[in-house]
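What follows is a single structure, written as structure tokens, with notes after it.
The values are calculated or read from the model by the stated rules, or taken from the named source; none is laboratory data. These numbers were taken from a predicted model, which means no experiment stands behind them. Neighbour counts are summed over all protein chains in view; Cβ atoms, including those assigned to glycine, are modelled from backbone coordinates with ideal geometry.
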Amino acid sequence: MTEFDGTADQRAEFAALNHEIYNLTKQLEAKEREYLDSTKTDLYDPFKNPTEFRWYRDDYSEILPWITMPEFTVPFEPAKVEKAAIRHYYNIGGFILLMQFFVSNALVIGLIYLIKFILGAVNPDASAGAISHYISSSSIFPAINMITFLTANVGFAFIGLKWAKIKPSSMIKTKDLRFGDILKYCLSGLFLLIVSAYISSGIEDIFSQYGFTTEVSDLDYGKTGLGFAIMTVYSCIIAPVTEEIFFRGALMKIFSKSNQHFGIIASAVFFGLAHGNLPQFMLAFLVGIFFGHIDMKHNSIVPSVIVHIFINSMVTVITELKGEAVLFAGFTLLIFAAAIVGLVMLLLFRKECRLPVPTPAQTRRGFAIAKTSVGCIIALGVYIAYMTLLILTE
């Protein structure tokens, strides 16, 4: 503001003019800020997708740092740099799958041989066959199974999260989860269990015509009281918790960086393949999609952990009741009635809360990039080859 040596009226007029200029300048600055804000890309919704869950998204500037620039929009076709950034996360997902697969199998084999060596040293007169039978029929094999997958699932989940720079606390920031929701999800999961059982039965009929079977091997292990207790704890608690930590807590989050739909489907596919047989693949794939959906809705793995525990517990009860004809028939009738209610619950849920649908730009950032990811391709090949080998050698 310059000095002015006029009359008092002139000085007052000049001061009023300066004040007006000041106000206009502030208004222009505010308008400019408003314009810049209106043209700035939403870091958590760069694709303007109303079907995705905003609270589950990550900051997309981790993929495209210059997205924060005014008037910048994410291009329809990802540039080479963006593809490389997305592929980086897909590779992380693929490589932690491979590490989990090889390390868990190596641990099981290594622990079995170690225990065989110890038992052989303690009982030098025992044959190798007797020692193997003892390991499988006692509580030893279930304990090995539980320790191995507890370690591998949780360990590699946290390795993947750290590698992808995702906070582990993001797995349990539960949003709007009520008891009514849990009841609805458990009954819906029960319906999916029944559907998958019928699909698996049909697939088994087809395979049996060609001399193959898709049935899970009925190994005679864990038949002691302690073995049964360990197997029950593992199947009904440890496996559901640790599998959800790995597949939904880590893998789905990593695969959802640019496309939530892809994250749900990809994690469900690998979740199914990880079970190593077609009957369990059908169940795991179907419920895997459902688990991914409810976890994204509530921004937490808590819903899928609870429903997973419920489904596995129902399978355990059904398996144990097969020898009791009357109880089995009554329980089966109850399960079917609950499954019908579950179908209604599932339809209502899907009507009020649909799966995320990718925008055309997001489809260029899902499978189109994943199929060029070394980690994803190798992991998919290994899991499919392993399941095929089990079917052919059954």
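Residues that are at positive phi and not basic (Lys, Arg) are absent from region 302-317. Yes or no: region 106-118 includes at least one residue that is buried (at least 20 other Cβ atoms within 10 Å of the Cβ) and out of contact with any Phe, Trp or Tyr (no Cβ under 6 Å at 6 or more places or on another chain). No. Quickly run through region 312-368 and pick out the residues that are farther than 27 Å from ALA266 by Cβ and of a type in the set (Phe, Trp, Tyr). Answer for region 312-368, where residues must be farther than 27 Å from ALA266 by Cβ and of a type in the set (Phe, Trp, Tyr): PHE328, PHE331, PHE336. Taken as a whole, the condition of being in contact with a Ser or Thr (Cβ under 8 Å, 6 or more places away or on another chain) and in contact (Cβ under 8 Å) with a residue 12 or more places away in the chain does not apply to ILE311. The helices (runs of 4 or more DSSP H) found entirely in region 312-394 that carry 3 or more residues being exposed (fewer than 12 other Cβ atoms within 10 Å of the Cβ) are 325-352, 374-393.
Does VAL382 qualify as being in contact with a Pro (Cβ under 8 Å, 6 or more places away or on another chain) and closer than 24 Å to ILE245 by Cβ? Taking the combined requirement at face value, the residue does not satisfy it. Checking LEU389 against (1) closer than 25 Å to PHE212 by Cα; (2) touching a residue at least 60 places away in the same chain (Cβ under 8 Å): exactly one of these is not met. Which one? Of the numbered conditions (1) closer than 25 Å to PHE212 by Cα; (2) touching a residue at least 60 places away in the same chain (Cβ under 8 Å), the odd one out for LEU389 is (2). Of the numbered criteria (1) modelled with pLDDT of 85 or more; (2) not assigned by TED's automatic domain parsing to the domain that holds ALA368, the one ARG33 fails is (1). Filtering region 159-182 to residues that are of a type in the set (Phe, Trp, Tyr) and either in contact with a Pro (Cβ under 6 Å, 6 or more places away or on another chain) or surrounded by fewer than 13 Cβ atoms within 10 Å (Cβ to Cβ) (or both) leaves only PHE179. Applying the set (1) out of contact with any helix residue (DSSP H, G or I) (no Cβ under 8 Å at 6 or more places or on another chain); (2) among the hydrophobic types (A, V, I, L, M, F, W, C); (3) touching a residue at least 60 places away in the same chain (Cβ under 8 Å) to ILE63 leaves exactly one unmet item: (1).
Is region 141-148 home to any residue that is hydroxyl-bearing (Ser, Thr, Tyr), in contact (Cβ under 8 Å) with a residue 60 or more places away in the chain and part of a helix (DSSP H, G or I)? Checked against the condition, which is being hydroxyl-bearing (Ser, Thr, Tyr), in contact (Cβ under 8 Å) with a residue 60 or more places away in the chain and part of a helix (DSSP H, G or I), region 141-148 yields no hits at all.
Quick one: in region 216-236, which of the residues that are at pLDDT below 75 and over 15 Å from THR388 (Cα atoms) is surrounded by the most Cβ atoms within 10 Å (Cβ to Cβ)? Only one residue fits best here, namely GLY222. Here is a check on your reading of the model: is LEU283 more than 23 Å from HIS88 (Cβ to Cβ), part of a helix (DSSP H, G or I) and not aromatic (Phe, Trp, Tyr)? Considered against the rule, which asks whether it is more than 23 Å from HIS88 (Cβ to Cβ), part of a helix (DSSP H, G or I) and not aromatic (Phe, Trp, Tyr), LEU283 comes out as yes.
Of the numbered criteria (1) in contact (Cβ under 8 Å) with a residue 60 or more places away in the chain; (2) on the phi < 0 side of the Ramachandran plot, the one PHE179 fails is (1). Quickly run through region 1-24 and pick out the residues that are assigned to a loop (DSSP other than H, G, I, E, B) and either acidic (Asp, Glu) or at pLDDT below 70 (or both). Residues satisfying the conditions are MET1, THR2, GLU3, PHE4, ASP5, GLY6.
For the residues THR242, THR213, the requirement of being β-branched (Val, Ile, Thr), buried (at least 19 other Cβ atoms within 10 Å of the Cβ) and in contact with a Phe, Trp or Tyr (Cβ under 8 Å, 6 or more places away or on another chain) singles out THR242. Listed by first and then second residue, the pairs with beta-carbon distance under 7 Å, at least 6 apart or on different chains, first residue in region 7-36 and within 21 Å of GLU71 (Cβ to Cβ), second at pLDDT 70 or above, are LEU36/PRO70. Among the residues of region 299-310, just one is crowded, with 23+ Cβ neighbours inside 10 Å and more than 13 Å from the chain's Cα centre (by Cα), namely VAL307.
At least 3 residues being more than 22 Å from the chain's Cα centre (by Cα) is the threshold, and among the helices (runs of 4 or more DSSP H) wholly inside region 184-277 those reaching it are 225-233.
Examine region 234-250 for a residue that is under 17 Å from TYR383 (Cβ atoms) and in contact with a Gly (Cβ under 6 Å, 6 or more places away or on another chain), and state whether such a residue exists.
Yes: one or more hits.
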